[in-house]
Amino acid sequence: MSLLRNLNRALTATTGLQVRKAAPVAPAAPKAKAAKPAVKKPTAVYRCPAPEELAMDRLLRQPVFIMSPVRSGSTLLRMLLNAHSRLHSPHELHIRRLEVGYGSKLAQKAMSALDLERGDLEHLLWDRVMHRELVRSGKDFVVEKTPSNAFVHERIRDCWPDARFVFLLRHPVSIAQSWHEGDPDKRTYDEAAADALRYMKAVDRARKALTGHTVRYEDITADPGKEMRRLCAFLDIDFEPAMLDYGRKDDTQVVKGLGDWRDKIKTGQVQAGRALPTEDDIPEILRPMCRAWDYSR
C-alpha cells in the first residue's frame, strides 16, 4: 500500500480526517509579449558622383525620368516616347525597390575600403539594370516612368547628376476617379483621392526641387503632335511623326501593375481624354492641389 493510503487510515482512525491528493495546478498563462516598436529603416548612405567621375561610376548617360502621379497618363506618354527611334521607354522598373545587403561584416568592411557604402552599391545596381535594358533596345536614351520615383526624386537626381526630368500633370479629380475605377473593390473614391494625393504632393515637391519640362495629360490628348514636338525639343532630339502611332498592344505588352493595362492604351493611338471635372466635382481634399496646378479658380 502506498504511503498516502496508510497515512489516511491512521488519520481517519484518530481524527476522522483524510489527506487528499492536491489537484494539479494549471500552469500560468504565458504573458503576452509587448509589441515591438516599428524599426525605422536606416537611410542609405550614398555619394553623388562628381562630373569627372561619371564615366567611371555610371554607364547610363542622360536618362530621362517621367515624374507623375498614378493614373496620370504616364503609360500613354511612355508609349509615344518609346515609338521614337532614339528613345527606349520600358514598363515601370521600380528600381528604387532594388536593395543591396551585406552577407558579412567583412563584406561591408571591404566595400567601405573601396569608398562604397550600401547606397552607392544600390546606385550601381540601378544603373546597371537600366543600362542593360537600354543596350538590349539598341537605342540611345532610356525613359523611366514609375510613379513612385517621385518619392525619391532627390536620390534619383544624385544617382544620375545628368538626368533629365519630365513632369506629367493631370486634373487631380480625373486622377482620383481613374485610380478608383482601376480597382473599385479595393478602394472607395474617397480612399483613392487620399492615396493619389500622396503621389501628387510628391510630384509637386519634385517640380520645385528639379529643373525639367512640364506636360499635361489633357494637352497630350488634345494635340499630341504639338506636345511631342515640344518634348522632343526639350530632349534635344528630332520629332518623329511615327511617335503618334505607337502600334497596337496585347496583354503581354501592357501588364497590370507595371502601367496602364486597359483597352484604350492597347489601341496604339492617342484617344480622347475624359471631360474635365467642374468646380462642383472637386472634393475639399483635392482643392489645394487643383489650385496649385492651375486646374481650379
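No value in this document is a laboratory result; all are computed from the given coordinates. Everything numeric in this text was worked out from a predicted model, so none of it was measured. With ideal geometry, Cβ positions are generated from the backbone for all residues, glycine too; neighbour counts draw on all protein chains shown.
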When the charge dipole of segment 100-189 is computed with +1 on Lys and Arg Cβ and -1 on Asp and Glu Cβ about the Cα centre, the Cα farthest towards its positive end, among 103, 121, 189, belongs to 103
Student exercise, segment 63-292 dipole from Lys, Arg, Asp, Glu Cβ charges, in Debye to nearest 20 = 340 debye
Determine the distance separating the Cα centre of segment 55-89 from the Cα centre of segment 276-297; give it in Å without decimals.
-> 28 Å
Sorted by average packing, counted as other Cβ atoms within 10 angstrom per residue and highest first, what order do 225-232, 175-182, 75-82 take?
-> 75-82, 175-182, 225-232
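Taking every pair of distinct Cα atoms and averaging 1/r, then inverting, what Kirkwood hydrodynamic radius in Å comes out for segment 63-292? Mind dumping the intermediate values first?
Numbers: mean 1/r = 0.0532 Å⁻¹.
Mean inverse Cα-Cα distance, inverted, gives 18.8 Å.
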Rounded FRET efficiency, nearest 0.05, which uses the C-beta distance separating residue 53 from residue 139 and R0 of 30 Å = 0.75
What is the set of long-range amide H partners of residue 213 at a cut-off below 5 Å, with H atoms built 1.01 Å from backbone N?
-> 165, 166, 167
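Suppose R0 equals 22 Å; then what is the FRET efficiency for residue 131 and residue 110 from their Cβ-Cβ distance, rounded to the nearest 0.05? Don't skip to the end; give the middle numbers.
Numbers: r = 24 Å, r/R0 = 1.10.
The calculated FRET efficiency here is 0.35.
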Could you give the nm distance between label points at residue 291 and residue 62, where each point is 7 Å from its Cα heading toward the beta carbon?
-> 3.9 nm
